[in-house]
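The structure appears below as structure tokens.
Read-outs: derived from the displayed coordinates by stated rules, not from any lab. As the structure is a prediction and not an experimental result, all values here were calculated from the model. Neighbour counts are summed over all protein chains in view; Cβ atoms, including those assigned to glycine, are modelled from backbone coordinates with ideal geometry.
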Amino acid sequence: MTKTITIQKIPFDISTPYAEGHACTEAEAKALNQTRSENIRNNQAKLIRAAQEAAGVDAEGNANPLAPEVMKELVASVKAYDKAYVFTLASVGGGRKSRDPIEVEAMKMARAALAAHLKSKGMTFKSVDKDKLDSALADIAGVTGPAHVLVNNAARDDRHDWRDVNPHYWDERMHTNLRHMFFAIQAVAPGMIEAGGGAVVNIGSNSWHEMSGGFPAYATAKAGVEGLTRTMARDLGPHRIRVNTVIPGWIMTRRQLDLWMTPQKEAAQKAAQCLPDLIDPAAVARMVLFLASDDASACTAGAFPVTAGSM
């Protein structure tokens, strides 16, 4: 059974020597895997170069602004490659979907190209600007299709004394730490509904759980994140959209280390935790990835701490 797809006018062989419906023997399965490996090696360089061209990236990796219509074609073609190859394996009696090195490399290029495109259009903005947020999300959807996962992470935990807070500062903190999450959900949810489902992960905070002081506006906004999660989980659940909160503890980002960590605070934090090690940002990323994945298909309206036991 022979199948060929084209990306950027380059044909890619995804054929198998067996007819549709053929039940592979063990030896034939090994041969099929060898054929697949050879196809990957032969096609990979072509696909990477096609992705670079679509991204406006030359052979040395220098980026130029993206051509959106070309990028859209690339993403669609990569998805078609994946589906077609899986179909080919299944049609000859087995095989399961895996992350093909070709697809992985192409999607890396796609992400880099999309970032270059947004930057070329000036798509860097403060989260309080709803119009620019809507525009950026629509632009991304126009290139890659509707979002299947949204991670609401933007926030600032600047310290402030309650006596110094005025209405303007209070509102700005709400905008920076909470409001944008709702409007990002509002912007992407219709596409998720059309696609048949999705996942939203909102980043909360341990601060209000642990009654931390020194930033009342921030802590109040982060408490609101969990309320937003639970009400949107109810509203979007019928559309198979899951909404969850990740609650980080004190995560050792560069900002935290530069601005607030001291030997005394480090000792106090370790004493507050059940686990002895300070928390690396990767621990939060892994929880987000889990909640975004199909492995969390029954998880919604939840709050998942990554705090090493401090709360």
Dmax and Rg, reported as Rg then Dmax, of the range 130-306 (C-alpha, Å): 17.1, 52
Which net charge results when you count Lys and Arg as +1 and Asp and Glu as -1 among the other residues whose beta-carbon is under 15 Å from that of PRO276? -2
Calculate the spin-label point distance for SER297 paired with LEU259, positioning each point 7 Å from the Cα along the beta-carbon direction, and give it in nanometres. 4.1
Count the lysine pairs in the range 130-306 that are 8 or more places apart or on different chains: how many have C-alpha atoms under 26 angstrom apart? 4
What number comes out for the charge environment of ARG255, summing +1 per Lys or Arg and -1 per Asp or Glu over other residues with Cβ under 15 Å away? 0
